[in-house]
């Protein structure tokens, strides 16, 4: 068979598979809320096709921060994809903590690596696996905690980074329109309406804060605010729970 017809046949097969994959991904996205899981399975983001790439930002930004032999803590890691596929490539040790048993089961099945350990842990009630880390991540999670809980978590993160000469805390949260506060995810307890509000929430715990935003979704309907915090400010330790 001539090479050109084979080329077009392969392209046709790719087009069919891509459209089928997008249909599956769209179905999962629309039914996700009915599944009653607090994390998104990012394998379905892959199925959306090459136009859907922005979710990789967390892994890329995070990997850029990590130095060889760094101890990394991934807080509220969801399905474990960033710890397993991105941070593990550069860190000496990655501890990933979450309180959802189903997420842990998926992570251990799909993203286990020799230098990655997944822990079932409630950060509002339990200590981190180690006292000191070099880099800590917390993506799309701080909004799930009340102002009081979030303040306590930030102070514990600052304390855990204080011994590292270049301790860094990188995370993100969705910026919500003021009129839409409380109308989004039912588990959001502290939503932010601006990057200024987010900076004010972070500044008591870190002396150096860098903020930037990214548009998510094919139409940019979601504004994801990233924060990179350094120079932790450690306050007097309290009994947090």
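The values are calculated or read from the model by the stated rules, or taken from the named source; none is laboratory data. A quick note: this is a predicted structure, and the numbers were derived from the prediction, not measured. In this analysis, Cβ positions are derived from the backbone assuming ideal geometry, glycine residues included, and neighbour counts consider all displayed protein chains.
Values for this structure:
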item: Tally, over the range 115-158, of residues that are closer than 25 Å to residue 212 by Cα and exposed (fewer than 15 other Cβ atoms within 10 Å of the Cβ); result: 3
item: Spans of strands (runs of 3 or more DSSP E) in the range 57-132 with at least 3 residues under 21 Å from residue 152 (Cβ atoms) and touching a strand residue (DSSP E or B) at 6+ places or on another chain (Cβ under 6 Å); result: 71-75, 93-98
item: Members of the range 196-207 found to be surrounded by 16 or more Cβ atoms within 10 Å (Cβ to Cβ), more than 18 Å from the chain's Cα centre (by Cα) and either not in a loop (DSSP other than H, G, I, E, B) or not assigned by TED's automatic domain parsing to the domain that holds residue 142 (or both), listed by number; result: 199, 201, 206
item: Residue that is farthest from residue 155 (Cα to Cα) [pool: residues in the range 203-224 that are touching a helix residue (DSSP H, G or I) at 6+ places or on another chain (Cβ under 9 Å) and modelled with pLDDT of 95 or more]; result: 212
item: Matching residues in the range 24-56 - criterion: being more than 23 Å from residue 223 (Cβ to Cβ), touching a residue at least 60 places away in the same chain (Cβ under 8 Å) and part of a helix (DSSP H, G or I); result: 43
item: Scan of the range 165-174 for residues that are surrounded by fewer than 17 Cβ atoms within 10 Å (Cβ to Cβ) and touching a strand residue (DSSP E or B) at 6+ places or on another chain (Cβ under 8 Å), ordered by number; result: 166, 174
item: Failed criterion for residue 91 (all others in (1) closer than 19 Å to residue 188 by Cα; (2) buried (at least 18 other Cβ atoms within 10 Å of the Cβ) hold); result: (1)
item: Residue match in the range 5-16 (condition: assigned to a strand (DSSP E or B) and more than 24 Å from residue 173 (Cα to Cα)); result: no
